[in-house]
Amino acid sequence: MELKISLLSFNSGRSISKLAHFASFLVCFLLFFSFKSIEAFDALDPNGNITIKWDIMQWTPDGYVAVVMINNYQQYRHIQSPGWILGWTWAKKEVIWSMVGSQTTEQGDCSKFKGNIPHCCKKDPTVVDLLPGTPYNMQIANCCKGGVLSSWVQDPPNAVSAFQISVGNAGTNNKTVRVPKNFTLKAPGPGYTCGVAKIVKQSRFVSQDGRRTTQALMTWNVTCTYSQFLSQKTPSCCVSLSSFYNDTIVDCPTCSCGCQNNLTQPGSCVEGDSPYLASVVNGPGKSSLVPLVQCTSHMCPVRIHWHVKLNYKEYWRAKITITNFNYRMNYSQWNLVVQHPNFDNITQIFSFDYKSLTPYGGINDTAMLWGMKYYNDLLMEAGPAGNVQSELLFRKDASTFTFQKGWAFPRRIYFNGDICVMPAPDAYPWLPNTGPLSFRPMLLRLLVFWTTLACLFIYV
């Protein structure tokens, strides 16, 4: 009997152990896939994406002619030069006979063709936009911008790109056509993840006079979403703080975007006053997308400085300065997204354009800022001209306004859609006699008191 009981307890222990291992595996499995599913979610732009739409406009003897539209539906994330790079894999043995408004980077092996040679015979073509100034007979509407796509808020008409493609060795009707697969979008580096192509209702087109409507023969969409984790291994910007009521300037946290180490990584940064600066900047890797930054404690390509400047009876003023420390990048059509509770009472913004973002319904605490066209919409490379600045005037709300506990500083800041590294909250500039240091004299007196009391007890 005792043997049976011991065997039962042993088996039950083994079962519990197996269940525990299975539960641990299940938790890890769910966590892994939940992280993968949310890594591209943007709380401030939950519906933002880039949608690639294929409209088949005409059937040909061995395939079709389609117009491909790339629509940027992201509110504040854009694609700047050198532009987007689109790729996919053909489902069968399709070839590209010709393209208008774009081109593939490689032709591939077309040796089996005689007479007419296709534009591209690769199984997995890579397509890029044509440059501005392309001859008119090689253009279609919304093409030839060098792959640059504006954000939806900044410049909606330029948030779209298009090209025409003639495909052969493909199906010639809705039942025999196979949609491409394995879509990729680079902008121009990694960061975007594209879903599978989905056949949708045919697009409809209205004539300019509005009196006639036509439609595509077949349409499919591909949706691509952005993830900062996939785009870069380290952050690309940081935030520093200062105020009129405290002499302390809180710099970006040390090593925000990496640590300065010219011993193991020579050439990772360059001193701003180096006599060899020009030769390093224009040397090997000039065309590389890898930043060459000025040597700083934070090592970030871009720094945003927020300064609480002035205090009035009914208003207060802040100054924003964006500084470029990257010697290899001019940031065109840059933008900032700033979260601060006083944006519901913004009165005036100087030299920047502004739009309120309300990702949380009625809560108006998020603003998008960008440079005025032809004035300061280009943030030049590191150097004397590598900065832009503006001032913001806020009206005080008696129920919420305070300079205490860092309330006047932003909660979060994004530069070109990427979140910036903020200083620790306990490092913010404090009002005089309200910061953590003001408690030290009291703590010191208490320490002296208790030490003296302990000594008296020991003596007695």
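The values are calculated or read from the model by the stated rules, or taken from the named source; none is laboratory data. This is a predicted model, so every value here is computed, not measured. Neighbour counts run over all protein chains shown; Cβ positions are idealised from the backbone, glycine included. These accessible areas exclude ligands, DNA and RNA; they are computed on the full protein's heavy atoms, side chains included. Shrake-Rupley method; radii C 1.70, N 1.55, O 1.52, S 1.80 Å.
Given the condition without any contact (Cβ under 8 Å) to a residue 60 or more places away in the chain, in contact with a helix residue (DSSP H, G or I) (Cβ under 9 Å, 6 or more places away or on another chain) and part of a loop (DSSP other than H, G, I, E, B), answer yes or no: does some residue in the range 186-208 qualify? The answer is yes; a qualifying residue exists.
Within the range 143-174, the residues that satisfy the criterion of being part of a loop (DSSP other than H, G, I, E, B), closer than 27 Å to ASN116 by Cα and either hydrophobic (A, V, I, L, M, F, W, C) or open to solvent by 30 Å² or more (accessible area, probe 1.4 Å) (or both) are CYS143, CYS144, ASN169, ALA170, THR172, ASN173, ASN174. Can you confirm whether PRO425 is modelled with pLDDT of 90 or more, loosely packed, with under 11 Cβ neighbours inside 10 Å, out of contact with any Pro (no Cβ under 9 Å at 6 or more places or on another chain) and over 30 Å from ALA278 (Cα atoms)? Against the criterion (modelled with pLDDT of 90 or more, loosely packed, with under 11 Cβ neighbours inside 10 Å, out of contact with any Pro (no Cβ under 9 Å at 6 or more places or on another chain) and over 30 Å from ALA278 (Cα atoms)), PRO425 qualifies.
On the basis of being more than 23 Å from ARG317 (Cβ to Cβ) and hydroxyl-bearing (Ser, Thr, Tyr), does THR219 make the cut? Judged against the criteria, THR219 is a match.
For the range 44-67, residues that are open to solvent by less than 40 Å² (accessible area, probe 1.4 Å) and either at pLDDT below 95 or under 29 Å from ILE419 (Cα atoms) (or both) total 7. Residues of the range 68-91 include at least one that is modelled with pLDDT of 90 or more, charged (D, E, K, R), out of contact with any helix residue (DSSP H, G or I) (no Cβ under 6 Å at 6 or more places or on another chain) and assigned to a loop (DSSP other than H, G, I, E, B).
Does the range 291-313 contain any residue that is of a type in the set (Val, Ile, Thr), in a loop (DSSP other than H, G, I, E, B) and under 21 Å from LEU241 (Cα atoms)? Within the range 291-313 (the criterion being of a type in the set (Val, Ile, Thr), in a loop (DSSP other than H, G, I, E, B) and under 21 Å from LEU241 (Cα atoms)), the answer is yes, since at least one residue qualifies. Here ASN246 qualifies as out of contact with any Lys or Arg (no Cβ under 9 Å at 6 or more places or on another chain), farther than 30 Å from THR51 by Cβ, modelled with pLDDT of 90 or more and of a type outside the set (D, E, K, R). I'd like the full set of residues that are open to solvent by less than 50 Å² (accessible area, probe 1.4 Å), outside any loop (DSSP other than H, G, I, E, B) and over 17 Å from SER390 (Cβ atoms), limited to the range 356-365. If the condition is that a residue be open to solvent by less than 50 Å² (accessible area, probe 1.4 Å), outside any loop (DSSP other than H, G, I, E, B) and over 17 Å from SER390 (Cβ atoms), then LEU357 is the only one that fits. The set of residues in the range 314-338 being modelled with pLDDT under 95 and part of a strand (DSSP E or B) consists of ASN326, TYR331, SER332. Scoring SER256 on the criteria (1) loosely packed, with under 14 Cβ neighbours inside 10 Å; (2) touching a His at 6+ places or on another chain (Cβ under 6 Å) leaves a single failure, condition (1).
Residues checked against (1) in contact with a Gly (Cβ under 7 Å, 6 or more places away or on another chain); (2) open to solvent by less than 10 Å² (accessible area, probe 1.4 Å); (3) over 30 Å from PRO301 (Cβ atoms):
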residue	(1), (2), (3)
ALA141	no, no, yes
THR225	no, no, no
CYS237	no, yes, no
ASP251	no, no, no
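Residues in the range 114-129 that are more than 22 Å from ASN142 (Cβ to Cβ) and open to solvent by less than 40 Å² (accessible area, probe 1.4 Å) were compared, and the one that is nearest to the chain's Cα centre (by Cα) is CYS121. TYR192 meets each of the listed conditions (1) open to solvent by 20 Å² or more (accessible area, probe 1.4 Å); (2) over 24 Å from SER81 (Cα atoms) apart from (2). For the range 395-419, the candidate set comprises residues that are outside any loop (DSSP other than H, G, I, E, B) and more than 28 Å from SER150 (Cβ to Cβ); within that set, the residue that is least open to solvent (accessible area, probe 1.4 Å) is GLY406.
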